[in-house]
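Participant: What follows is a structure written as structure tokens; I'll ask about it next.
The values are calculated or read from the model by the stated rules, or taken from the named source; none is laboratory data. Everything numeric in this text was worked out from a predicted model, so none of it was measured. Cβ placement follows ideal geometry from the backbone for every residue including glycine, while neighbour counts extend to all protein chains displayed. Side chains are part of the model used for accessible areas, which takes the heavy atoms of the whole protein and leaves out ligands, DNA and RNA. Shrake-Rupley method; radii C 1.70, N 1.55, O 1.52, S 1.80 Å.
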Amino acid sequence: MKRILIVGGGYAGFYTAWKLEKKLRRDEAELVVVDPRPYMTYQPFLPEVLAGSIEARHAAVAT
């Protein structure tokens with residue numbers, strides 16, 4: 001079985017793995033995502049805040 005390595009687990013890495021998973025057959029390849037951080041980086045939803053879909057307090061991250 002082939003192994004596909006995706007370096008970086010951010011949005012680009014996540015969506016790459018997700019799209020490849022949809023296109024590949026079950027036993028065609030193994031997808032491996034490697035990222036040095038044990039979490040996904042949070043990105044604020046500023047367009048949704050401006051549109052009023054969510055409140056600003058839901059898009060803020062305490063530092």
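Participant: Considering only residues that are open to solvent by less than 50 Å² (accessible area, probe 1.4 Å) and not in a helix (DSSP H, G or I), which ones fall in the stretch 5-14?
Facilitator: Those that are open to solvent by less than 50 Å² (accessible area, probe 1.4 Å) and not in a helix (DSSP H, G or I): ILE6, GLY8, GLY9, GLY10.
Participant: Test LEU46 against the criterion of being open to solvent by 60 Å² or more (accessible area, probe 1.4 Å) and at pLDDT 90 or above, and give yes or no.
Facilitator: For LEU46, the condition - open to solvent by 60 Å² or more (accessible area, probe 1.4 Å) and at pLDDT 90 or above - is not met.
Participant: If we scan the stretch 15-27, do we find a residue that is surrounded by fewer than 14 Cβ atoms within 10 Å (Cβ to Cβ) and modelled with pLDDT under 80? Give the steps one after another, and end with the answer.
Facilitator: At the first step, the residues of the stretch 15-27 found to be surrounded by fewer than 14 Cβ atoms within 10 Å (Cβ to Cβ) are 15, 18-19, 21-23, 25-27.
Adding the requirement that they be modelled with pLDDT under 80 leaves none.
Taking every residue of the stretch 15-27 in turn, none turns out to be surrounded by fewer than 14 Cβ atoms within 10 Å (Cβ to Cβ) and modelled with pLDDT under 80.
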